[in-house]
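Here's the structure, in structure tokens; my notes come after.
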């Protein structure tokens, strides 16, 4: 499935510099909706979505239909591009299914990390190349959506730990990146499973941090006005 990627570094600069959630209007932040744009994949104005076969369904989904849709997507998760997984997290969040959004966001983060790891070193290229531009898009989704989803997720530390453990357990299933990203140069596919499992193992550090610093995390959220904000 060929993927559409960012057309220019300038577009990404605009995304990060001007359209981040920190620059959203007060009304948007009060509703805790994500005002973000990662062209050409996603724009909250509309919304406009271009992430492959599920784009129209993600666009037209409502709070009831989105859950049935993500079940269909889960069955084909190995074929989904990273960008589609991030957009699914955004749509779930904005349609009120925030716990499900946390799962899709962390699954997307794992696949994003795998994508970076299995790229042939130095092959990503520059502006206009699929490898490079998809990396930039993924980084933008991580940053912009991450403020909202992590802001919500860390309000319930036990739930976020369960999500992290679920993602770790799914790391043995390796996605079909070569088909999803034609033209991108990846290392030998035989190494991917171990790479995925190693990346999942690294999440043990995050789990340990949550356990060790749980009281500090809760206190910092209250002190910074994050509790209940997202």
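What the table shows:
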| item | result |
| --- | --- |
| Matching residues in region 143-157 - criterion: being within 13 Å of the chain's Cα centre (by Cα) and buried (at least 19 other Cβ atoms within 10 Å of the Cβ) | 144, 145, 148, 149 |
| Test result for residue 132, under 20 Å from residue 98 (Cα atoms) and assigned to a helix (DSSP H, G or I) | no |
| Among residues of region 158-176, those that are in a helix (DSSP H, G or I) and either modelled with pLDDT under 95 or over 19 Å from the mean Cα position of the chain (by Cα) (or both), counted | 1 |
| Qualifying residues in region 177-214 (those that are in a loop (DSSP other than H, G, I, E, B) and surrounded by 14 or more Cβ atoms within 10 Å (Cβ to Cβ)) - the one nearest to the chain's Cα centre (by Cα) | 181 |
| Contacts under 9 angstrom Cβ, first residue in region 80-108 being at positive phi, partner outside any helix (DSSP H, G or I) and at pLDDT 95 or above, 6 or more apart | 96/63 |
| Matching residues, region 170-211, being out of contact with any helix residue (DSSP H, G or I) (no Cβ under 6 Å at 6 or more places or on another chain), touching a residue at least 60 places away in the same chain (Cβ under 8 Å) and within 12 Å of residue 117 (Cβ to Cβ) | 177, 191 |
| Considering residues of region 78-112 that are surrounded by fewer than 18 Cβ atoms within 10 Å (Cβ to Cβ) and over 24 Å from residue 206 (Cα atoms) only, the residue farthest from the chain's Cα centre (by Cα) | 96 |
| Index of the failed condition, residue 49 passing every other in (1) crowded, with 20+ Cβ neighbours inside 10 Å; (2) within 30 Å of residue 202 (Cβ to Cβ); (3) at pLDDT 95 or above | (2) |
| Unmet requirement for residue 225, which otherwise passes all of (1) under 27 Å from residue 147 (Cα atoms); (2) part of a loop (DSSP other than H, G, I, E, B); (3) in contact (Cβ under 8 Å) with a residue 40 or more places away in the chain | (3) |
| Index of the failed condition, residue 136 passing every other in (1) at pLDDT below 95; (2) crowded, with 24+ Cβ neighbours inside 10 Å; (3) under 23 Å from residue 203 (Cα atoms) | (2) |
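The values are calculated or read from the model by the stated rules, or taken from the named source; none is laboratory data. Keep in mind it's a predicted model, so treat the numbers as computed, not measured. Counting neighbours? That spans all protein chains shown, and the Cβs are built from the backbone with ideal geometry, glycine included.
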